[in-house]
């Protein structure tokens, strides 16, 4: 099954799509954008309701991680890999020609209403403390939140994302590293 065209249930509705190219902002309903330049690399982060995009550039290399619940309108050109965000998943892909490695861990959980609310407050606090990129919105069940938190290092950048969906009490977390040699 190709995740880009799958129609999974609520817990499996999100997917990670890795591209070997940049994507255009007009394809997405951006709610926030952050650009980080550090040494030889650049990271651009876009936050959207329940979704994010990370574009990493190093010399001639350009990689993009898209986490989305869309199965339509997802560009197919340049896809390196695509997989559903179910349970816990680790993925790594090396780009030897550009000496860049992409690594991600994806975790999806369903929380009780009380645990969801306390986790929501913790994530809001984390976003404020770290000056992370964040977007709040409401769905039919209540408060939702998407957060992108970054840590820059000399040869790598670490990105933690959190997408909290009140409908179903779903928390989707990714921990992504782009590194170059």
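The values are calculated or read from the model by the stated rules, or taken from the named source; none is laboratory data. These numbers come from a predicted model, not from an experiment. Positions of Cβ are backbone-derived with ideal geometry, glycine not excepted, and every protein chain shown enters the neighbour counts.
Structure notes:
- The residues in the range 63-92 that are modelled with pLDDT under 90 and farther than 16 Å from residue 22 by Cα can be counted, and the count is 5.
- Verdict on residue 138 being exposed (fewer than 14 other Cβ atoms within 10 Å of the Cβ) and assigned to a strand (DSSP E or B): yes
- Taking the conditions (1) modelled with pLDDT under 95; (2) crowded, with 18+ Cβ neighbours inside 10 Å in turn, residue 46 satisfies each one other than (1).
- Restricting attention to the range 80-95, the residues being farther than 20 Å from residue 180 by Cα and assigned to a strand (DSSP E or B) number 5.
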